[in-house]
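Report on the following structure.
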């Protein structure tokens, strides 16, 4: 039976190595055949916002196409795709209160709205829980 | 024209997602906008001066990071553009980073030199 990892993240996109590291941990867990629950709250609810757009980089002198800016919504979409391919479950909850206060409710397919009770339920059910604090 | 020194202390904040360090990026952008800028790396950010760092090869889900940030290369471009880059020597040494592993083009400064350095600028921005 597949093991389950729960991970709680709270950093917003594009501002911290925590987000990248968290997504790499999720990626690795999925590749190892684990089910993964993600509880995104505070700024992390913006990781999956559908309206994110790539941009050119005037300092690099690159166009949108050349820059190939990795948007976090695409990284998360790729994690859902990978989970499907590997036959494991990725359950991603965006904290509803955090979403509302930020007006960040237009997401890609995959995440669902929830709250701390979801996190608590997952903690009870999971083999391990990892919290990634912000600084 | 204001002369501004940007002190960078917290490195690798979203650099994989952004393809660069946001503080270095805005410093370079301000230079292009006409500012007279300087950079001082201190604390953990001294690692930006290590020449052999290589962040390539990261794949998240189905998405490879094709153009990861190479801060040492960005800093060299900044220096070529007229932004002097300095590194706090003591912060390098206390982290056990060999001095010979740093990009040689950057100036090493000691903590004792910082007050004099700051006096060369109109404003000092500690990011």
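We did not get these values from a lab; they are worked out from the coordinates using the rules stated. What you see is a predicted model, and the numbers here were worked out from it, not measured in a lab. With ideal geometry, Cβ positions are generated from the backbone for all residues, glycine too; neighbour counts draw on all protein chains shown.
Adding -39500 (n - 2.57) for every DSSP H run of four residues or longer, then dividing by how many residues chain A holds, sets the calculated 222 nm ellipticity at -11000 deg cm²/dmol. Calculation over all alpha carbon pairs of the stretch A:3-43 in 5 angstrom steps from 0 returns a P(r) of 6, 25, 30, 22, 12, 5, 0 percent. Counting only DSSP beta bridges whose two residues both lie in chain A, roughly 10 percent are antiparallel. Annotation: the residues B:114, B:5, B:99, sorted from fewest to most other C-beta atoms within 10 Å of their own C-beta, follow the order B:99, B:114, B:5. Peptide A:86-92 has a mean shielding of 0, counted as Cβ atoms of other protein chains within 10 Å of each residue's Cβ. Cβ-to-Cβ counts within 10 Å put B:78, A:23, B:1, A:1 in ascending order as A:1, B:1, B:78, A:23, the fewest first.
Inter-chain Cβ neighbour count for A:57-70, averaged per residue, equals 4 (cutoff 10 Å, partner chain atoms only).
Rounded to two decimals, the Cα-based Rg/Rh of the stretch B:69-123, with Kirkwood Rh, is 0.99. Based on alpha carbons, the Rg and Dmax found for chain B are 14.8, 50 Å. FRET efficiency for the residue B:95 to residue B:1 pair, using the beta carbon distance and R₀ = 25 Å, is estimated at 0.10.
Among B:68-77, B:48-57, the peptide with the highest mean count of other Cβ atoms within 10 Å heads the list, and the full ranking is B:68-77, B:48-57. Working note: Cα atoms of the protein assembly as shown, range along each principal axis, descending, whole Å: 61, 37, 32.
For peptide B:54-61, the mean count of partner chain Cβ atoms within 10 Å of a residue's Cβ comes to 6. Of all DSSP bridge pairs formed entirely within chain B, close to 15 percent run antiparallel. Relative to the 2.2 N^0.38 Å rule of thumb, the stretch A:1-85 has a C-alpha radius of gyration ratio of 1.21. Rg and Dmax of the stretch B:1-72, based on Cα coordinates, read 13.8, 47 Å. By other beta-carbon atoms within 10 Å, ranking B:110, A:46 with the fewest at the front produces B:110, A:46. Take the alpha-carbon centre of the stretch B:1-43, take the same for the stretch B:48-111, and report the distance between them in whole Å. A separation of 13 Å, based on Cα centres. Seen from all directions on average, the stretch A:64-129 presents a Cα convex hull projection of 6.3 nm². Calculated FRET efficiency, residue A:86 to residue B:115, Cβ-Cβ distance, R0 = 35 Å: about 0.05 to the nearest 0.05.
Dimensions of the stretch A:20-135 from C-alpha coordinates, computed as largest minus smallest value along each principal axis and given longest first, are 50, 35, 28 Å.
Annotation: peptides B:119-126, A:73-80, B:26-33, ranked by per-residue average of other Cβ atoms within 10 Å with the highest first, follow the order A:73-80, B:26-33, B:119-126. For the stretch A:1-30 and the stretch A:75-124, write down the distance between their C-alpha centroids in whole Å. Result: 12 Å between the Cα centres.
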